[in-house]
Every structure is written in structure tokens, then in C-alpha cells.
Amino acid sequence: MNFHGTTILAVRHKGKIAVAGDGQVTLNATIIKHHAKKVRKIYNDKIIVGFAGATADAMNLSERLEAKLERYNGNLTRSAVELARDWRTDKYLRRLEAIMIATDEDRMFLISGSGDVIEPDGGVIGIGSGGVAAQAAATALINNVDVDAKGIVEEAMKIAASICIYTNDSITLEEM
């Protein structure tokens, strides 16, 4: 599932987590919004989520994840697995066109409608049209620069925005 029109990047480094998303919203080949917020904190500010795809679908999934977190006392792993299971098996949810990153102090997951709940090996994950560029830049920076998670995410998102036509430099960043 590859969505164009956004870039979300999450980095865990030096005991901190930073998640950022660009603000551009496109409709076909037209930019219709420059400052959308695609990253936010949920569950008493203990979880950061970022999403790519259809906005209404992504918000629906974010709300469903928060409900799972309430049900499972903030256990992100269990909540992510249950959300992915529901997403894959529910007739209505299967039609949702979105993908998300969810992270807490200990875990970071990519969650998709095909049932994926993937925890990256290196503490870096990117999704959306500029996700590969942002992830590559962050991976290079994390290994070669003495900077914190926030600095890595900021620089990597600038790089992605300079490459991907569906990504802008109006960044929303949340950190823990």
C-alpha cells in the first residue's frame, strides 16, 4: 500500500522519540492545503500517531486505536495487533485507505489494513510518498551525526520535502 500526498517519519534515538509529518494535502495534481496536522498525541499524550492516506479514514483509525488503548490499558502492542486484526477482517474497515505509525516510549509500529503490525529494526520508519526519502535520510543521520531524535527528524523531513513533490516543509512534530 503506497500513498502519495504525505510523508510521516518516526525516529527513536538516545532515549527519545520524534514523529513528524508534512502539512501538504493534494487532490490529484493540485495542492489544496499547506498546513494539515497528520501527527498527534493520543491516549493521555502517551502515544504518538502519524498517518498517510485518506484523512477521514486515518482519523477513524486513530480513534479506533485510542479505543483499543483504553480497552487494553495503554498496551500499544496489543492495541495495534487488535486494530490490525479488525481492520483486516471487518467488511467496512477493509475499505479504509490509510496507513499509520504508532509509537510510545518503548515501541514503534507501522500498522496497515493488510494486517501488518511491523516494528522496525533500527528505530526509524517512514511512510507515504516521501517516506523512503525521509527514512533513508534519517538512517544516514542517526548513524553519522551526533544529534537528537528531533534534530534528525527535522533534517530528514527537509530532505524529503526537497525531493518529493507531494511533501512540503510545513512540518508538525511531536516528541516524547
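What follows draws every value from the coordinates through simple rules; no lab data is involved. Model, not experiment: these values are computed from the prediction. Don't worry about glycine lacking a Cβ; one is built from the backbone with ideal geometry, like all the others, and counts go over all protein chains shown.
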In the stretch 9-162, lysine pairs 8 or more places apart or on different chains with C-alpha atoms under 14 Å apart total 5
Note: the stretch 8-175 at 20 °C, 1.002 mPa s; Kirkwood Rh on alpha carbon pairs; Stokes-Einstein D in µm²/s works out to 136
The whole-number value in µm²/s of the Stokes-Einstein translational diffusion coefficient for the stretch 93-161, with Rh from the Kirkwood sum over alpha carbon pairs at 4 °C and 1.567 mPa s, is 100
Residue-normalised 222 nm signal for the chain, counting each DSSP H run of n ≥ 4 as -39,500 (n - 2.57), nearest 500 deg cm²/dmol, is -11000 deg cm²/dmol
Output for the stretch 68-176: chymotrypsin sites (Phe, Trp or Tyr not before Pro) sitting in coil per DSSP, at most 15 other Cβ within 10 Å, listed by number, reads Y72, Y92
Simple SL model, points at 7 angstrom along Cα→Cβ for N73 and N28; separation in nm is 5.3
